[in-house]
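Engineer: Okay, here's the structure, questions in a sec.
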There are 2 protein chains.
Amino acid sequence: MEEISQLIASDLQSLEQSIEKLLTTRVSFIKEVVHHIVKSGGKRIRPILVILAARLCGCQDERHVPYAAIVEFIHTATLLHDDVVDNARTRRGTLTANTIWGNEPSVLVGDFLFSKSFDLMVADGIPDVSGVISKATTALAEGEILELVKTSDVETTEADYAEIIANKTAVLLSAACEIGAILGCVDTEKRTALREFGYHVGMAFQLTDDMLDYIASDTTLGKHTGTDLREGKITLPLIHALKQASDEEKNFVSGLLEKPRITKKDFEQVKKTIEAHDGMGYTLRRSVEHIEKAKRQLEVFSPSDYKTALLNLADYIVSRRM
Amino acid sequence: MEEISQLIASDLQSLEQSIEKLLTTRVSFIKEVVHHIVKSGGKRIRPILVILAARLCGCQDERHVPYAAIVEFIHTATLLHDDVVDNARTRRGTLTANTIWGNEPSVLVGDFLFSKSFDLMVADGIPDVSGVISKATTALAEGEILELVKTSDVETTEADYAEIIANKTAVLLSAACEIGAILGCVDTEKRTALREFGYHVGMAFQLTDDMLDYIASDTTLGKHTGTDLREGKITLPLIHALKQASDEEKNFVSGLLEKPRITKKDFEQVKKTIEAHDGMGYTLRRSVEHIEKAKRQLEVFSPSDYKTALLNLADYIVSRRM
């Protein structure tokens with residue numbers, strides 16, 4: 001990631017200025033809330049994808065930077081709303097906006113960021129870009145709602161799970177890459193390649209996130225492990241394990257999901273079930289498969305520093321520990 | 001309202017079909033939540049404004065109907081989020097979505113409706129319309145946040161209040177009328193006239209709503225009076241009264257706003273203060289002024305049934321009892 005940051009250092013600097021500049025509002029409190037979350041050390045994966053894709057496709061000026069900012073605004077809006085939905089107290093080790101100010105500002109500032117993003121896009125007037133983004137945010141909401149519907153449902157299948165993470169995560173990363181392609185005015189083949197690249201990177205990103213929720217230490221991830229299970233989110237490591245688990249193991253997990261509180265001991269027991277049935281190994285293999293598919297998409301591009309950076313970013317996604 | 005419904009009966013029927021048709025989603029639960037709120041007997045003021053404005057401007061076919069549906073989707077999204085923000089148990093006498101399903105689906109289905117609305121607009125490809133709507137939803141979020149910032153603030157001025165209601169209510173009614181004008185391809189003068197008409201009708205609409213919260217009976221409004229005060233919303237009847245109130249009266253209201261629960265007796269006391277300082281009369285006069293301004297805007301249009309309907313709708317706004 002360090003090398004990538006150096007390669008696009010100037011764009012990343014413009015990005016921070018753009019975030020500041022585009023966040024115009026008559027209400028200073030909105031800025032306060034957005035700053036809290038935008039500045040809390042996110043990895044900026046989505047804007048970095050916009051920038052690298054645009055540069056790979058030959059964008060010479062900086063017109064992709066405001067779009068990178070817009071994609072980060074949309075991501076920020078979803079974080080604000082997610083934290084309300086999940087009743088999350090902290091994110092990346094920092095108190096969430098809903099913990100500090102309550103649910104109300106989180107809902108409304110999220111709405112502001114969504115609307116502002118559309119307003120900025122419409123004003124810029126590239127219908128293709130607006131279409132990609134509005135389709136992505138619609139899918140995003142559907143993915144989150146699907147996840148909600150499947151909460152604590154031990155019958156959740158791998159296909160259900162794939163549909164949830166494709167919509168809630170992969171489509172926005174896919175959109176980020178496709179926007180770069182649109183701004184770079186490349187042909188349909190390259191645009192499709194970048195869209196697919198983003199999709200597979202997004203799938204691997206979420207698969208890795210869901211694995212880390214079982215194995216990361218509190219200090220590296222900036223969050224407690226077991227959060228997903230406590231929120232009733234049944235992710236692939238557990239889905240795969242349950243498919244082969246004994247009735248006893250299944251009943252234990254079902255019972256757990258009905259309990260108001262999951263203890264550390266309960267969680268360790270679930271981890272044992274996952275390990276016994278290769279839940280982590282299976283998830284890691286799916287994740288690696290997606291990364292391989294992602295990387296293959298870039299074969300249509302000639303070698304360049306930006307191509308190398310995207311390939312490295314893909315590898316980073318599965319190897320990261322936070 | 002009965003006459004207006006007859007005049008545009010065919011459009012209103014198409015509207016209901018359009019709402020159904022445009023609400024495509026892979027997630028059936030979304031439809032369930034949206035149906036609950038869309039079908040719960042709203043007055044459809046915003047789509048009616050789109051339809052009447054479009055017809056007044058000479059729209060012959062039905063291409064304005066999907067836009068009327070989109071404006072109702074956006075309104076529905078704000079209702080879903082408002083009910084979370086206000087922690088409302090009922091709306092128009094029906095349980096709110098957040099009461100039935102919890103805050104999570106309300107937040108996410110609201111997000112879905114916002115995104116879907118933008119997606120439908122972008123796909124239809126009239127940049128002017130998308131611009132008007134995205135500006136309106138941005139202002140809407142700002143208005144709601146301003147209101148939140150001013151919660152329980154007895155120092156709220158009439159100017160603060162005007163800014164809040166202009167953004168949270170008037171801009172969307174204004175946008176509804178302006179969309180009709182854009183679709184009718186009228187000149188700038190007429191487009192501006194309809195935008196201003198919608199704005200003033202919107203201001204009067206909210207002023208009337210805020211008065212009704214002090215005087216409506218539970219049965220007609222389908223909600224309990226005093227809701228605003230209990231939520232710490234300081235509206236014009238009280239703002240005006242406080243400007244002339246004695247220190248004793250002011251202290252009583254300040255003290256009240258810090259109490260966890262406002263009793264019926266407290267509320268009656270506040271109403272007395274409002275009556276003593278002509279808070280209702282003053283608000284009614286402001287509301288009537290806006291309606292007069294709204295109606296004057298329509299002078300640029302030749303007489304027609306649609307013009308008459310808009311003028312009657314404006315009068316209905318201030319005279320309604322629910």
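The values are calculated or read from the model by the stated rules, or taken from the named source; none is laboratory data. This one's a predicted model, so the numbers in the text were calculated from it and none came from an experiment. All Cβ positions, even for glycine, are placed from backbone atoms using ideal geometry, and neighbour counts span all protein chains on display.
Engineer: Given (1) more than 16 Å from B:Gly226 (Cα to Cα); (2) surrounded by fewer than 13 Cβ atoms within 10 Å (Cβ to Cβ), where does B:Lys295 come up short, assuming only one miss?
Structural biologist: Unmet condition: (2).
Engineer: Out of curiosity, is B:Asn98 within 14 Å of chain A (Cβ to nearest Cβ), at pLDDT below 90 and part of a helix (DSSP H, G or I)? Working first, answer last.
Structural biologist: Working: within 14 Å of chain A (Cβ to nearest Cβ): yes; at pLDDT below 90: yes; part of a helix (DSSP H, G or I): yes.
It is true that B:Asn98 is within 14 Å of chain A (Cβ to nearest Cβ), at pLDDT below 90 and part of a helix (DSSP H, G or I).
Engineer: Given the criteria closer than 23 Å to B:Val122 by Cα and either in contact with a Phe, Trp or Tyr (Cβ under 7 Å, 6 or more places away or on another chain) or part of a helix (DSSP H, G or I) (or both), does B:Ser14 qualify?
Structural biologist: Yes: the conditions hold for B:Ser14.
Engineer: As an exercise: evaluate A:Asn87 against (1) within 14 Å of chain B (Cβ to nearest Cβ); (2) part of a helix (DSSP H, G or I); (3) farther than 30 Å from A:Pro303 by Cα; (4) not hydrophobic (A, V, I, L, M, F, W, C) and give the number of the one condition it does not meet.
Structural biologist: Of the numbered conditions (1) within 14 Å of chain B (Cβ to nearest Cβ); (2) part of a helix (DSSP H, G or I); (3) farther than 30 Å from A:Pro303 by Cα; (4) not hydrophobic (A, V, I, L, M, F, W, C), the odd one out for A:Asn87 is (2).
Engineer: I've got another one for you. Criterion first (hydrophobic (A, V, I, L, M, F, W, C) and facing chain B (nearest Cβ under 10 Å)) does A:Ala159 satisfy it?
Structural biologist: So A:Ala159 does not fit the description; no.
Engineer: Here is a follow-up. Identify, by number, the condition in (1) more than 18 Å from the chain's Cα centre (by Cα); (2) at pLDDT 90 or above that A:Gly125 doesn't meet.
Structural biologist: Answer for A:Gly125: the failing condition is (2).
Engineer: Also, quick follow-up: Do any helices (runs of 4 or more DSSP H) entirely within region B:253-322 hold 2 or more residues that are farther than 24 Å from B:Glu155 by Cβ, under 18 Å from the mean Cα position of the chain (by Cα) and modelled with pLDDT of 95 or more, and if so, which? Let's see the steps before the verdict.
Structural biologist: On the way: elements: B:264-276, B:279-297, B:305-319.
By residue number, B:279-297, B:305-319.
Engineer: If we scan region B:105-113, do we find a residue that is in a helix (DSSP H, G or I), facing chain A (nearest Cβ under 8 Å) and either touching a Gly at 6+ places or on another chain (Cβ under 6 Å) or farther than 18 Å from B:Val27 by Cα (or both)?
Structural biologist: The answer is no, given that none of the residues of region B:105-113 is in a helix (DSSP H, G or I), facing chain A (nearest Cβ under 8 Å) and either touching a Gly at 6+ places or on another chain (Cβ under 6 Å) or farther than 18 Å from B:Val27 by Cα (or both).
Engineer: Here's another thing I want to ask about it. Return yes or no: is A:Leu148 aliphatic (A, V, I, L, M), surrounded by 21 or more Cβ atoms within 10 Å (Cβ to Cβ), closer than 26 Å to B:Met121 by Cα and in contact with a helix residue (DSSP H, G or I) (Cβ under 8 Å, 6 or more places away or on another chain)?
Structural biologist: Against the criterion (aliphatic (A, V, I, L, M), surrounded by 21 or more Cβ atoms within 10 Å (Cβ to Cβ), closer than 26 Å to B:Met121 by Cα and in contact with a helix residue (DSSP H, G or I) (Cβ under 8 Å, 6 or more places away or on another chain)), A:Leu148 does not qualify.
Engineer: Sort out which residues of region A:175-190 are within 17 Å of A:Ser302 (Cα to Cα), within 21 Å of the chain's Cα centre (by Cα) and not hydrophobic (A, V, I, L, M, F, W, C), and write them in order of number.
Structural biologist: Hit for region A:175-190 is A:Gly180, nothing else.
Here is a yes/no grid of residues against (1) basic (Lys, Arg); (2) part of a helix (DSSP H, G or I); (3) within 23 Å of A:Arg261 (Cβ to Cβ):
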residue	(1), (2), (3)
A:Ser130	no, yes, no
A:Ala136	no, yes, no
A:Glu147	no, yes, yes
A:Val186	no, no, no
A:Thr192	no, yes, no
A:Met203	no, yes, no
A:Met211	no, yes, no
A:Tyr214	no, yes, yes
A:Leu229	no, yes, yes
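Engineer: Among the numbered criteria (1) among the hydrophobic types (A, V, I, L, M, F, W, C); (2) touching a residue at least 40 places away in the same chain (Cβ under 8 Å); (3) in contact with a Gly (Cβ under 9 Å, 6 or more places away or on another chain); (4) surrounded by 21 or more Cβ atoms within 10 Å (Cβ to Cβ), which one does A:Cys185 miss?
Structural biologist: Result: A:Cys185 passes all but (4).
Engineer: Would you point out which residue out of B:Ser14, B:Ser18, B:Ser40, B:Ser28 is polar (S, T, N, Q) and surrounded by 20 or more Cβ atoms within 10 Å (Cβ to Cβ)?
Structural biologist: Values: B:Ser14 fails: surrounded by 20 or more Cβ atoms within 10 Å (Cβ to Cβ); B:Ser40 fails: surrounded by 20 or more Cβ atoms within 10 Å (Cβ to Cβ); B:Ser28 fails: surrounded by 20 or more Cβ atoms within 10 Å (Cβ to Cβ).
None of the others qualify; the one that does is B:Ser18.
Engineer: Being of a type outside the set (Phe, Trp, Tyr) and at positive phi, is that true of even one residue in region B:170-189? Give the steps one after another, and end with the answer.
Structural biologist: Here is the first cut: in region B:170-189, the residues of a type outside the set (Phe, Trp, Tyr) are B:170-189.
If we keep only those that are at positive phi as well, we get B:185.
Yes, that holds for at least one residue.
Engineer: Then there is this: Given the conditions (1) in contact (Cβ under 8 Å) with a residue 24 or more places away in the chain; (2) over 18 Å from A:Leu236 (Cα atoms), which single one is not true for A:Ala204?
Structural biologist: (2)
Engineer: Taking only pairs six or more apart or across chains, which ones have beta-carbon atoms under 6 Å, a first residue in region A:116-130 that is over 25 Å from A:Ile30 (Cα atoms) and more than 9 Å from chain B (Cβ to nearest Cβ), and a second residue that is at pLDDT 95 or above and assigned to a helix (DSSP H, G or I)?
Structural biologist: A:Asp128/A:Ile182; A:Val129/A:Ile179; A:Val129/A:Ile182
Engineer: For region B:51-63, does any single residue satisfy the condition of being modelled with pLDDT under 95, buried (at least 16 other Cβ atoms within 10 Å of the Cβ) and more than 27 Å from B:Ala309 (Cβ to Cβ)?
Structural biologist: no
Engineer: Further, regarding this structure: For region A:137-149, give me the residue count where each residue is at the interface with chain B (Cβ under 7 Å from one of its Cβ atoms) and free of Cβ contacts under 8 Å to residues at least 40 places away in the same chain.
Structural biologist: 6
Engineer: Residue by residue through region A:194-218, note down the ones that are under 18 Å from A:Val50 (Cα atoms) and surrounded by fewer than 21 Cβ atoms within 10 Å (Cβ to Cβ).
Structural biologist: Passing the criteria: only A:Glu196.
Engineer: Same structure, new question: Considering each of B:Ser152, B:Ser134, B:Ser174 in turn, give the residue that is more than 11 Å from chain A (Cβ to nearest Cβ), out of contact with any Pro (no Cβ under 6 Å at 6 or more places or on another chain) and free of Cβ contacts under 8 Å to residues at least 40 places away in the same chain. Walk me through it before giving the result.
Structural biologist: Values: B:Ser152 fails: free of Cβ contacts under 8 Å to residues at least 40 places away in the same chain; B:Ser134 fails: more than 11 Å from chain A (Cβ to nearest Cβ).
Checking each option against the conditions leaves just B:Ser174.
Engineer: When region A:21-77 is examined, which residues are found to be under 27 Å from A:Asp209 (Cα atoms) and aromatic (Phe, Trp, Tyr)?
Structural biologist: A:Tyr67, A:Phe73
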